[in-house]
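Heads up: the structure comes next, in structure tokens.
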Amino acid sequence: MCGIVGYIGKNEKAKDVILKGLERLEYRGYDSAGIAYSLDNKVNIQKENGRVENLKDNICFSKKSNIGIGHTRWATHGRPSKENSHPHKCNKITIVHNGIIENYIELKEELKKLGYTFLSETDTEVACALLDYLYSKTNDMVKAIELFKDKAKGSYAIGALCDDDLNTLYAIKNNSPLIIGIGDNENYIASDVPAILDFTNKYIILEDGEFAKIDSDNIVVYDKENNITNKEIKEFEGNLGDIDKNGYDHFMLKEIYEQPEVTKRMIESYVDQNNDIIKDMPDLSKYKNITIVACGSAMHAGLIGKSLIEEFGNIPVNVEIASEFRYKKLFIDEDTLVIAISQSGETADTLEAVKIANKKGCDTLGIVNVNGSSIARETSKVLYTKAGPEIAVATTKAYSAQNTLLSFIAYSLAKNCKDKDKLAYLNTFLKDLNKLPVLMQEILNNHEEYENIAKEIYDKNDIFFIGRAIDYALCMEGSLKLKEISYIHSEAYPAGELKHGTISLIDEGTPVIGIVTDEKIADKTISNIKEVKSRGANVIYVTTDELNKNGDFYDKKIIIPKTNKLLEPLLTIIPLQLISYYVAKCNKCDIDKPKNLAKSVTVE
Ligand code: G6P
């Protein structure tokens with residue numbers, strides 16, 4: 001989603017820092033970009049539709065700039081265009097903005113009456129005019145920002161410049177992430193830590209309602225009540241290599257290949273091998289039911305979690321798409337544990353769902369990848385997925401790490417289980433978990449097999465995924481991965497439901513990926529696979545070593561090595577991720593930055 005980078009410094013590196021920072025944020029997804037920088041003590045603005053790269057051609061690099069703000073825009077109010085892209089300038093004020101000013105229509109009318117005119121369709125230009133108006137009345141940016149916070153409703157992370165003092169940069173935050181980076185004789189603002197990691201690893205997180213006045217040497221932060229406050233300085237723990245491709249063609253491929261390493265890291269962090277327990281788990285025994293809230297792939301991980309927790313932990317689990325949860329009648333109370341799953345920890349709908357659950361008196365547990373993110377701070381307890389920075393828009397390693405934690409929760413809940421069938425899996429869980437990274441690597445080593453499948457199916461119009469129970473949850477993620485990066489229409493269907501309509505879409509050669517990893521229903525799914533095969537489908541049969549069947553009901557077969565039931569999804573997803581990757585590659589798609597998509601969706 002939109003990205004913000006700002007610079008103020010005696011080293012006068014504004015343009016270079018901002019452009020580099022914007023490139024670092026490209027992974028978040030955007031459709032236009034812009035920069036405002038000081039030139040001969042005036043603000044100069046450059047905006048372009050499309051990539052950050054396009055901006056560089058028209059920027060004056062021969063002179064230095066001590067201050068600037070830059071932005072990558074993912075259109076919400078107004079189509080992607082040069083006029084609608086940021087920064088916006090209104091008289092003396094220039095701003096970049098992430099989020100949505102919800103009352104911008106009323107504000108626009110008021111400002112029009114005061115003589116303001118507008119060039120774009122955006123809520124941001126209205127915010128800019130409002131700040132300009134308040135500054136014109138107060139002649140003091142700090143007072144103007146205080147008044148702005150009272151008037152503007154909605155979500156905003158704003159970087160602002162004022163023509164009267166081009167030695168000060170302002171940052172304002174409410175319901176949209178914003179950090180301040182701390183350098184030597186220079187400081188930065190950014191919507192996300194990777195934007196500043198080339199320059200510093202020290203930063204401050206602004207909280208909702210806070211704002212800051214920043215110059216080359218000083219950062220003054222004001223709290224919700226507009227009083228000066230001291231902030232904790234954080235240090236980024238990873239390294240810059242985490243946000244480079246390290247020789248891979250795409251971040252997505254690199255991140256798929258990082259899955260064994262992430263699993264090892266999670267084992268090291270969470271498993272007490274001597275005592276056969278998962279560390280850091282909340283007391284799960286006190287809850288009567290669990291509700292999982294999440295969006296996109298995180299919601300698909302939630303569905304895997306539901307299957308494992310219900311099957312092994314024996315507790316009912318409800319999975320809710322966070323944007324739906326926010327507006328429906330809820331049946332949750334103190335007996336409910338609400339688990340919020342989010343890679344970024346900033347997804348607006350998931351964050352709001354957590355706030356609602358907190359208000360209802362539920363305990364909330366975050367399964368989050370980004371340390372210190374909003375969801376991590378808002379939940380009563382957080383378990384980190386330790387996947388490291390994930391740059392490709394389409395999530396892979398973070399999704400797997402979410403599944404790993406959900407299997408830990410299911411395992412912890414199931415430890416008192418008396419069910420003999422389940423005990424066999426529980427007794428071998430840790431042994432199987434320790435072997436998992438090696439099995440993941442084995443699957444990755446078979447990449448040519450998946451590349452060949454991709455070469456066969458990449459030019460088809462429709463691709464179906466079918467499976468039952470946990471396999472259906474995997475189908476949903478496999479199908480999403482494929483369609484989001486290759487733009488090929490794809491649907492995931494519960495295998496038994498296909499004949500109630502969708503089977504009419506199966507034609508000669510239509511690719512159908514049939515997943516069969518659950519022995520209880522294997523025969524049933526295979527019958528459904530036969531139904532599509534007999535209607536001409538090109539079937540790719542994905543099954544486990546144990547369930548492997550021969551026959552004329554498939555065209556290609558992918559075998560998943562034997563592992564523990566609680567861990568199987570972590571292996572089965574890898575061929576699906578790689579098939580999607582290679583299909584998108586055959587179609588020459590922009591794999592890491594699929595069109596219209598954003599990595600972190602900070603608007604409703
Ligand atoms: C966006 C991304 C998806 C992601 C979803 C939830 O839509 O494109 O890949 O699954 O947001 O993101 P989160 O950061 O909350 O996991």
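The values are calculated or read from the model by the stated rules, or taken from the named source; none is laboratory data. For clarity, every value in this text was computed on a predicted model and none was experimentally measured. Glycine also receives a Cβ, built like all others from the backbone with ideal geometry; neighbour counts cover every protein chain displayed.
Below are the figures for this structure:
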| item | result |
| --- | --- |
| Any hit, region 328-337, residues being within 13 Å of the ligand (Cβ to nearest atom) and either surrounded by fewer than 24 Cβ atoms within 10 Å (Cβ to Cβ) or within 26 Å of THR572 (Cβ to Cβ) (or both) | no |
| Unique match (being in contact (Cβ under 8 Å) with a residue 24 or more places away in the chain and part of a helix (DSSP H, G or I)) among PRO594, PRO569 | PRO569 |
| Test: residue in region 129-145 that is at pLDDT 95 or above, farther than 20 Å from ASN11 by Cα, crowded, with 20+ Cβ neighbours inside 10 Å and among the hydroxyl-bearing types (Ser, Thr, Tyr) | yes |
| Filter result for the condition that a residue is hydroxyl-bearing (Ser, Thr, Tyr) and more than 29 Å from LYS557 (Cα to Cα), over SER400, SER373 | SER373 |
| Every residue from region 373-388 that is surrounded by 24 or more Cβ atoms within 10 Å (Cβ to Cβ) and part of a loop (DSSP other than H, G, I, E, B) | SER373, THR379, THR385, ALA387 |
| Residues of region 272-301 satisfying the condition of being modelled with pLDDT under 95 and either under 18 Å from ASP432 (Cβ atoms) or of a type in the set (Val, Ile, Thr) (or both) | ASP272, GLN273, ASN274, ASN275, ASP276, ILE277, ILE278 |
| The listed residue being of a type in the set (Asp, Glu), at positive phi and in the same structural domain as TYR156 (by TED's automatic domain parsing), out of ASP16, ASP40 | ASP40 |
| Residues that are within 14 Å of the ligand (Cβ to nearest atom), out of contact with any His (no Cβ under 8 Å at 6 or more places or on another chain) and in a helix (DSSP H, G or I), drawn from region 389-411 | LYS397, ALA398, SER400, ALA401, GLN402, ASN403, LEU405, LEU406 |
| SER191 in contact with a Leu (Cβ under 7 Å, 6 or more places away or on another chain) and closer than 26 Å to LYS143 by Cα | yes |
| Out of ALA14, ALA33, ALA75, sole residue that is among the small types (Gly, Ala, Ser) and either without any contact (Cβ under 8 Å) to a residue 24 or more places away in the chain or within 16 Å of the ligand (Cβ to nearest atom) (or both) | ALA75 |
| Residues located in region 347-369, provided they are within 15 Å of the chain's Cα centre (by Cα), farther than 20 Å from SER407 by Cβ and buried (at least 24 other Cβ atoms within 10 Å of the Cβ) | THR347, THR350, LEU351 |
| Residue in region 276-301 that is farthest from the chain's Cα centre (by Cα), counting only those that are assigned to a strand (DSSP E or B) and either outside the structural domain of ALA398 (by TED's automatic domain parsing) or more than 24 Å from LYS397 (Cβ to Cβ) (or both) | ILE277 |
| Residue count for region 320-346, restricted to those that are over 30 Å from ALA394 (Cβ atoms) and either in contact with a helix residue (DSSP H, G or I) (Cβ under 7 Å, 6 or more places away or on another chain) or free of Cβ contacts under 8 Å to residues at least 40 places away in the same chain (or both) | 6 |
| Within region 185-202, tally of residues that are surrounded by fewer than 23 Cβ atoms within 10 Å (Cβ to Cβ) and either free of Cβ contacts under 8 Å to residues at least 12 places away in the same chain or among the hydroxyl-bearing types (Ser, Thr, Tyr) (or both) | 1 |
| Single residue of region 357-371 satisfying the filter (under 20 Å from TYR27 (Cα atoms) and part of a loop (DSSP other than H, G, I, E, B)) that is farthest from the ligand (Cβ to nearest atom) | ASN371 |
| Selection status of ILE559, buried (at least 19 other Cβ atoms within 10 Å of the Cβ) and assigned by TED's automatic domain parsing to the domain that holds ILE463 | no |
| Selection within region 410-457 - within 21 Å of TYR270 (Cα to Cα), polar (S, T, N, Q) and touching a Leu at 6+ places or on another chain (Cβ under 9 Å) | SER412 |
| Residue check, SER580 in contact with a helix residue (DSSP H, G or I) (Cβ under 7 Å, 6 or more places away or on another chain), in a loop (DSSP other than H, G, I, E, B) and either surrounded by fewer than 17 Cβ atoms within 10 Å (Cβ to Cβ) or small (Gly, Ala, Ser) (or both) | no |
| Residue in region 496-510 that is modelled with pLDDT of 95 or more and buried (at least 18 other Cβ atoms within 10 Å of the Cβ) present | yes |
| Listing of strands (runs of 3 or more DSSP E) fully contained in region 122-210 that carry 1 or more residues being within 30 Å of the chain's Cα centre (by Cα), farther than 22 Å from VAL601 by Cα and among the aliphatic types (A, V, I, L, M) | 156-162, 165-174, 179-182 |
| Evaluation of ARG535 against (1) surrounded by fewer than 24 Cβ atoms within 10 Å (Cβ to Cβ); (2) in contact with a Lys or Arg (Cβ under 7 Å, 6 or more places away or on another chain); (3) among the charged types (D, E, K, R) (one fails), failing number | (2) |
| Of all residues in region 47-78 being under 21 Å from ALA348 (Cα atoms) and surrounded by fewer than 18 Cβ atoms within 10 Å (Cβ to Cβ), the one that is modelled with the highest pLDDT | ALA75 |
| Output for region 340-356, where each listed residue is assigned to a strand (DSSP E or B) and within 6 Å of the ligand (Cβ to nearest atom) | SER342 |
| Selection status of ILE304, part of a strand (DSSP E or B), surrounded by 20 or more Cβ atoms within 10 Å (Cβ to Cβ) and either away from the ligand (no atom under 14 Å from the Cβ) or at pLDDT 95 or above (or both) | no |
| Enumeration of residues in region 437-489 that are farther than 20 Å from ASN403 by Cβ and within 15 Å of the ligand (Cβ to nearest atom) | LYS483, SER486, TYR487 |
